[in-house]
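Everything on this sheet refers to the single structure shown next.
The values are calculated or read from the model by the stated rules, or taken from the named source; none is laboratory data. Keep in mind the model is a prediction, meaning the values are calculated, not measured. Backbone-built Cβ (ideal geometry, glycine too); neighbour counts: all protein chains shown.
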Amino acid sequence: MIGLMERQSHHTFTPQGLRGELRRSEPMSRHTSWRVGGNARLLFTPADIDDLCDLLRQAPRDETLLWIGLGSNLLVRDGGIDGIVINTYGALGHLEVRDDGVVRIEAGVSCPKAARFCARHNLAGAEFLAGIPGTMGGALAMNAGAFNRETWEMVQAVETVDRHGRRRVRRPAEYHIDYRQVTGPADEWFVAARLKLDPGDGHASQARIKALLNKRAESQPVQQHSCGSVFRNPPGDYAGRLIEACGLKGARVGGACVSAKHANFIVNTGTATAADIEQLIEAVARTVEEVHGVRLRPEVRIVGERDAWY
Ligand SMILES: Cc1cc2nc3c(=O)[nH]c(=O)nc-3n(C[C@H](O)[C@H](O)[C@H](O)COP(=O)(O)OP(=O)(O)OC[C@H]3O[C@@H](n4cnc5c(N)ncnc54)[C@H](O)[C@@H]3O)c2cc1C
């Protein structure tokens, strides 16, 4: 529990000597693919990893830290984030093929860019990333996957930073890796992935990327603001199938609507609040449980305050 004095000192926290961009009261709706969410007290876009470590060394020890990539799996509540948001996208953007053939991709690189980079270097196996509208950091955090491939299948090592700004290299064996879920050392976040891929043919990879994107466009409402699949698939079934069988396609709360194209997507029709979306998520889960006896678990991460901190 943080006392009033500490809270006030957090609110006046002014780090020194940073090279990146620090914004105060930044609307999170600008940083989430659902385009909803209240203000972050501070949002920091570092110039590079050293700059990020510099901020972490100065931040109050008990400060709330939220890491984001492209916010494509994130529901930020309307009351915003009373803490520091670390924005990696457009910041930690370096990628290279090292002499040992390992691809090093920093956390803020978008997944489609990473997929195209690997294809250009005749490396196969990362094509599925092309359809995931997040960052490499988000893909590591979520073990993002598609078309029977998952991010951590490719990971040789990850580079991390902790809340004291200390950097480490860790191996997959140090994490518990599951379907859309990764558990590792507490208070540590990803700054880069090191991927081991098979030699391949760039043209074949490009063709595969094109085919995967076409398939996706046919089955998902890719032109609307969403967070992709809202619920995790329960063992042996599909959340979308269960939701559709309840007749919930088109169900609405305010400006939030269950997609008519893919029942596991909730789209913002333009006027949704985070509260609309969260209520619709709860209503869908309740109905599916009543009808099918299956409790769906959200895949999207729901964070932030219900009531504004500001
Ligand atoms: C149209 C659409 C289609 C999608 N299709 C797929 C799909 O096929 N497969 C799939 O798996 N997902 C899919 N998603 C969901 C989403 O794109 C992925 O989960 C993606 O990996 C999230 O990346 P992000 O950078 O947007 O993460 P964010 O949404 O910004 O963050 C997600 C979580 O990761 C954490 N995080 C972010 N960066 C870091 C970091 N550097 N270190 C530690 N933690 C971090 C955040 O704190 C948060 O808990 C889809 C989303 C959309 C909108």
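Conditions (1) within 12 Å of the ligand (Cβ to nearest atom); (2) out of contact with any His (no Cβ under 8 Å at 6 or more places or on another chain), marked per residue:
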position	(1), (2)
P46	yes, yes
R57	no, no
I68	yes, no
M142	yes, yes
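For every residue, the table says whether it meets (1) aliphatic (A, V, I, L, M); (2) touching a strand residue (DSSP E or B) at 6+ places or on another chain (Cβ under 6 Å); (3) under 21 Å from G145 (Cα atoms); (4) at pLDDT below 95.
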position: W189; (1), (2), (3), (4): no, yes, yes, no
position: L195; (1), (2), (3), (4): yes, yes, yes, no
position: A211; (1), (2), (3), (4): yes, no, yes, no
position: R216; (1), (2), (3), (4): no, no, yes, yes
position: P234; (1), (2), (3), (4): no, no, yes, no
- Quick check, is N122 surrounded by fewer than 20 Cβ atoms within 10 Å (Cβ to Cβ) and near the ligand (Cβ under 8 Å from one of its atoms)? no
- Return only the number of the condition from (1) assigned to a strand (DSSP E or B); (2) polar (S, T, N, Q); (3) modelled with pLDDT under 95 that S9 does not satisfy. (1)
- Of the candidates V182, V267, V230, the one satisfying the condition of being β-branched (V, I, T), in contact with a Ser or Thr (Cβ under 8 Å, 6 or more places away or on another chain), within 18 Å of I302 (Cα to Cα) and in contact (Cβ under 8 Å) with a residue 40 or more places away in the chain is V267
- Does region 158-196 hold any residues that are farther than 27 Å from I84 by Cβ, small (G, A, S) and either assigned to a strand (DSSP E or B) or within 12 Å of the ligand (Cβ to nearest atom) (or both), and which are they? none
- Task: Scan T135, T64 and give me the residue that is under 20 Å from A217 (Cα atoms) and β-branched (V, I, T).
- Result: T135
- Lone unmet requirement of (1) of a type in the set (V, I, T); (2) in contact with a strand residue (DSSP E or B) (Cβ under 8 Å, 6 or more places away or on another chain); (3) surrounded by fewer than 18 Cβ atoms within 10 Å (Cβ to Cβ) for T287: (2)
- Task: Could you grab me the full set of residues in region 157-170 that are surrounded by fewer than 16 Cβ atoms within 10 Å (Cβ to Cβ) and under 26 Å from L123 (Cβ atoms)?
- Result: R167, R168, V169
- Message: Quick check on R295: is it over 13 Å from W34 (Cα atoms) and not in a loop (DSSP other than H, G, I, E, B)?
- Response: no
- State the number of residues belonging to region 133-150 that are in contact (Cβ under 8 Å) with a residue 40 or more places away in the chain and not small (G, A, S). 6
- Of the listed residues (D100, D82), the one being at pLDDT 95 or above and away from the ligand (no atom under 14 Å from the Cβ) is D82
- Return the only residue of V294, V222, V253 being in contact (Cβ under 8 Å) with a residue 12 or more places away in the chain and either surrounded by 17 or more Cβ atoms within 10 Å (Cβ to Cβ) or under 28 Å from M28 (Cα atoms) (or both). V253
